[in-house]
1. Which of the residues that make up segment 98-113 are polar (S, T, N, Q) and closer than 17 Å to Thr54 by Cα?
2. Does at least one position in segment 65-87 carry a residue that is within 30 Å of Gln160 (Cα to Cα), free of Cβ contacts under 8 Å to residues at least 24 places away in the same chain and in a strand (DSSP E or B)?
3. Among the residues of segment 106-152, how many are open to solvent by 50 Å² or more (accessible area, probe 1.4 Å), touching a helix residue (DSSP H, G or I) at 6+ places or on another chain (Cβ under 9 Å) and within 18 Å of Leu169 (Cα to Cα)?
4. Report, by residue number, each residue of segment 88-105 that is closer than 26 Å to Phe171 by Cα, open to solvent by 30 Å² or more (accessible area, probe 1.4 Å) and free of Cβ contacts under 8 Å to residues at least 40 places away in the same chain.
5. For Phe176, are the conditions met, namely being part of a loop (DSSP other than H, G, I, E, B), more than 30 Å from Tyr63 (Cα to Cα) and either touching a Leu at 6+ places or on another chain (Cβ under 8 Å) or among the hydrophobic types (A, V, I, L, M, F, W, C) (or both)?
6. Inside segment 56-75, can you point out the residues that are in contact with a Lys or Arg (Cβ under 6 Å, 6 or more places away or on another chain) and open to solvent by less than 50 Å² (accessible area, probe 1.4 Å)?
7. Quick one: in segment 153-178, which of the residues that are small (Gly, Ala, Ser) and surrounded by fewer than 16 Cβ atoms within 10 Å (Cβ to Cβ) is modelled with the highest pLDDT?
8. Filter segment 88-101 for residues that are at pLDDT below 90 and part of a strand (DSSP E or B); which is nearest to Asp128 (Cα to Cα)?
Amino acid sequence: DLDPFSALMEEQRTRARGASKGEGHQLATGAFAILSRAGESRFVGYEEVETETTLDQFIDGKYIVLARTPFYVEAGGQVDDLGVIESPDFLAEVVDSVRQESRIVHEVKIVRGDPRAAVGKRVIARVDGLRRRDTERNHSATHLVHEALRSVLGTHLHQQGSLVAPDRLRFDFNHFERITPDQLRAIEEIVIQGEGAPAHS
């Protein structure tokens, strides 16, 4: 059996797979009108996936602002992190995040307790590490795909967009003719070789 945290993470991953099919969360912009303009949220997710921080604001019953946050906000085609924010007062799932001026706002689903009791107090913010690692691997794969496409099809080719999620990636590009089966096999081989190569320091 899964422990409570692992079970919660698995539930979030299931929900996220649904969101990738167009059932994602929509943040209500009206709630941001009461955000304090003082201070900012510091993103520390490149260094940490679990952070002790301060809960600065709890807004409209479902939005949390932290002083420091490890949760990545969707950008450049890479999807948001999911995870939890918790303290002795509450436990909340992070289901979406958005930047609002200098603040990072997390939309949450309350699992227990009341975040209002924790405003101004220390809390733990924890990213779903497995989902983050899967997303990072697909992010690296987009670079391999880009290099392989340019190598096989020509340097005229440029990325036009992408989607980087934990369970899949999409790479959009411009090209003036149909890709042949031989070219496709060559592209696949370059990507596979790149995935097996040792990481560069």
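1. Initial filter on segment 98-113 (polar (S, T, N, Q)): 100, 102.
Selection gives Ser102 alone.
2. Scanning segment 65-87 turns up at least one residue that is within 30 Å of Gln160 (Cα to Cα), free of Cβ contacts under 8 Å to residues at least 24 places away in the same chain and in a strand (DSSP E or B).
3. Residues meeting the conditions: 5.
4. Residues of segment 88-105 that are closer than 26 Å to Phe171 by Cα, as a first pass: 95-99.
Filter once more, so that each one left must be open to solvent by 30 Å² or more (accessible area, probe 1.4 Å): 98-99.
Within segment 88-105, just Arg99 meets the criteria.
5. Numbers: part of a loop (DSSP other than H, G, I, E, B): yes; more than 30 Å from Tyr63 (Cα to Cα): yes; either touching a Leu at 6+ places or on another chain (Cβ under 8 Å) or among the hydrophobic types (A, V, I, L, M, F, W, C) (or both): yes.
Yes.
6. Within segment 56-75, the first condition is being in contact with a Lys or Arg (Cβ under 6 Å, 6 or more places away or on another chain), and the residues that meet it are 58, 65, 68, 73.
The answer is Phe58, Val65, Val73.
7. Going through segment 153-178, the residues small (Gly, Ala, Ser) turn out to be 154, 161-162, 165.
Retained after the next criterion (residues that are surrounded by fewer than 16 Cβ atoms within 10 Å (Cβ to Cβ)): 154, 161.
Details: Gly154: 90, Gly161: 80.
Only one residue tops the list, namely Gly154.
8. Going through segment 88-101, the residues at pLDDT below 90 turn out to be 98-101.
Checking the rest, the ones that are also part of a strand (DSSP E or B) come to 98-100.
On the way: Val98: 17, Arg99: 20, Gln100: 23 Å.
Ranking the candidates gives Val98 first.
The values are calculated or read from the model by the stated rules, or taken from the named source; none is laboratory data. These numbers were taken from a predicted model, which means no experiment stands behind them. Virtual Cβ from ideal backbone geometry, glycine too; neighbours counted across all protein chains shown. These accessible areas exclude ligands, DNA and RNA; they are computed on the full protein's heavy atoms, side chains included. Shrake-Rupley method; radii C 1.70, N 1.55, O 1.52, S 1.80 Å.
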